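Written out below as structure tokens is the structure these notes cover.
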Amino acid sequence: MAKATIRIPPKGIPHDELLRRLRDLAGHDADWKGHRLFSLVYHHSDAHTDFLKAAHGLFFGSNALNPMAFKSLKRLEAEVVRMTAGLFHGGDDVVGTMTSGGTESILLAVLAYREHARRHKPWILRPEIVVPASAHAAFYKAGQYFDVRIVRAPLAADFRADVDAIRRRMSWQTIAIVGSAPCYPYGVIDPIRELGELAARKGVGFHVDACVGGYLLPFVERLGASERLGDIPPFDFRVPGVTSMSADVHKYGYAAKGASTILYRGMDYLRHQFSVETEWCGGVYASPTLAGTRPGGAIAAAWASLNALGDDGYLANAGALMATARTYREGIRAIPGLEVLGTPLLSLMAFGSVKGGVNIYAVGDFLEARGWHVDRVQNPAGLHLILNPGHAAVAERYLSDLREAVEYVRVHPEASAEGSAPMYGMIAKLPLRGLVKKNVLAFLEKMYRADPDATVLTDGSGNDDSTAGGVEAGDDVPPILRTMLRAWARVTHRG
Ligand SMILES: Cc1ncc(COP(=O)(O)O)c(C=O)c1O
């Protein structure tokens, strides 16, 4: 049936009514306030959020595109960058900018390394960046946007970057290598010191992606040995080979969404992310990051968050989070058949059943039926957790549901063939990655076509209700592809 075309209403709708509609729509989103979600949202406390909204509101209409007009924002950005450089033991040579998020920071780093190589190594024809397999997907996006070849190196048995594997994949066209502190999929910290030595020896750049851990790791490092989950190896500008770092204030910095930092050891890198157009009819146009207009609210809220929580606030938060992480990690390890993948030292981790013989995706289905929002990883199959302060209160409940889920799947092997478990298993193992990509791309096209209902995905859990406006991967898609396409919604983007 043809859908009514959506237009701007001929007459404005009263604010109350619009806010009611917005609340109604938000009510169908994942229940992060009830701590049932383990990704995408980083929440410190309601009081902190209310304060951030006030700070954000003060700069709601401000635009950091023109720092002459908004000197305030330039000042706030510079202070966020200086505070972050200090956190990472960077001296005055460390310079950088704020960006809209981790992906933009990584895009800019890749662009800067490409431009830097064009300037200093003009013989490189097709620049390459070697990344461990656990590096964030944003590096591939950057490769796609900027025509840089991203070379993937396999991980060591402990899921950390394998320095030797990275070294073997480097070539005369390598412009940089990457390590994560920590990586998203397993929450483990790559051997930054060893990677730094390699980068320095080979004379290439070295980016440390601390997007998720950047505002947590420096505080965890300072906790007492009994509070930490293990020793924290050096991960920042103390390592001589590190030439750039990204860290997201909108993650464990507990700022408003839209705030990250990209830092370089030296203006000789930073200058390569800048863009200046002198011939444009609109005047000379200079911009420091990918965006043109740069929302002032996000910058102000990031500055406000760092100052409001302060060193003592972040330290206290790190201590509390590590206690919660220990509860989850040990709770998971105590469940027969489950193992935590690698040795995560922060509050994000993945667990699977590589040796235990339980279908972990079926375990995920069971948890979802209990109302948990489950994130899945692949190679090996696992479930993923990013913990926030609120997850302390639900730890017992989560772990008891998890234990029950594992027992259920063990005595009901058929569960592995039901629900979404088989499709996740299939997606992870499907040898034809090109086919998966083609169909996920087709799904994106479908989702962004001119039909507002198509912008809302069903989550495949069977919990969807019609008011959520869920779209099924349509009848025109063969069933096997349909299951794959639906799975895209859960397997891919994580925040
Ligand atoms: C290690 C790492 N790098 C980069 C990103 C991308 O950040 P964003 O989603 O803010 O673009 C993430 C997101 O979780 C991450 O964990």
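Once you reduce segment 125-157 and segment 221-247 to the center of their Cα atoms, the two points are 23 Å from each other. Leaving out same-chain residues fewer than 8 places away, which lysines sit with a Cα under 19 Å from that of K121? Those lysines meeting the cut-off are K202. Rg and Dmax of the chain, based on Cα coordinates, read 23.1, 71 Å. Magnitude of the charge dipole for the chain, about its Cα centre and with charges confined to Cβ atoms of Lys, Arg (+1) and Asp, Glu (-1), is about 1200 debye. Solvent-accessible area per residue in the chain equals 47 Å², computed with a 1.4 angstrom probe and all protein chains kept. Restricting segment 61-113 to chymotrypsin sites (Phe, Trp or Tyr not before Pro) that sit in a DSSP loop and have at most 12 other Cβ atoms within 10 Å of their own Cβ leaves nothing. Where a Cα-Cα gap under 25 Å defines reach, which lysines qualify for K438, not counting those fewer than 8 residues away within the same chain? Result set, ordered by chain and number: K141, K429, K446.
Loop-located GluC sites (Glu not before Pro) in segment 185-276 (DSSP state other than H, G, I, E, B) with a sparse environment of at most 16 neighbouring Cβ atoms within 10 Å: E221, E227. Scanning the chain for long hydrophobic helices, with DSSP H runs required to stretch 20 angstrom or more by C-alpha along their axis and to average at least -0.5 on the Kyte-Doolittle scale, returns 71-87, 102-120, 296-333, 395-411, 433-447. Protein heavy-atom surface of the chain, 1.4 angstrom probe: 57% of the accessible area is carbon and sulfur, with nucleic acids and ligands not counted. For K33, a cut-off of 26 angstrom between C-alpha atoms picks up these lysines, skipping any fewer than 8 places away in its own chain: K53, K251, K257. Pairwise inverse Cα distances across segment 202-351, averaged and inverted, put the Kirkwood hydrodynamic radius at 18.0 Å. Segment 311-422 gives an Rg/Rh value of 1.00, both radii derived from C-alpha positions and Rh following Kirkwood.
The values are calculated or read from the model by the stated rules, or taken from the named source; none is laboratory data. Given the structure is predicted, the values throughout are model-derived calculations rather than measurements. Cβ atoms come from the backbone with ideal geometry, glycine included; neighbour counts cover every protein chain shown. Quick note on the areas: whole protein, heavy atoms, side chains included, nothing else; ligands and nucleic acids left out. Shrake-Rupley method; radii C 1.70, N 1.55, O 1.52, S 1.80 Å.
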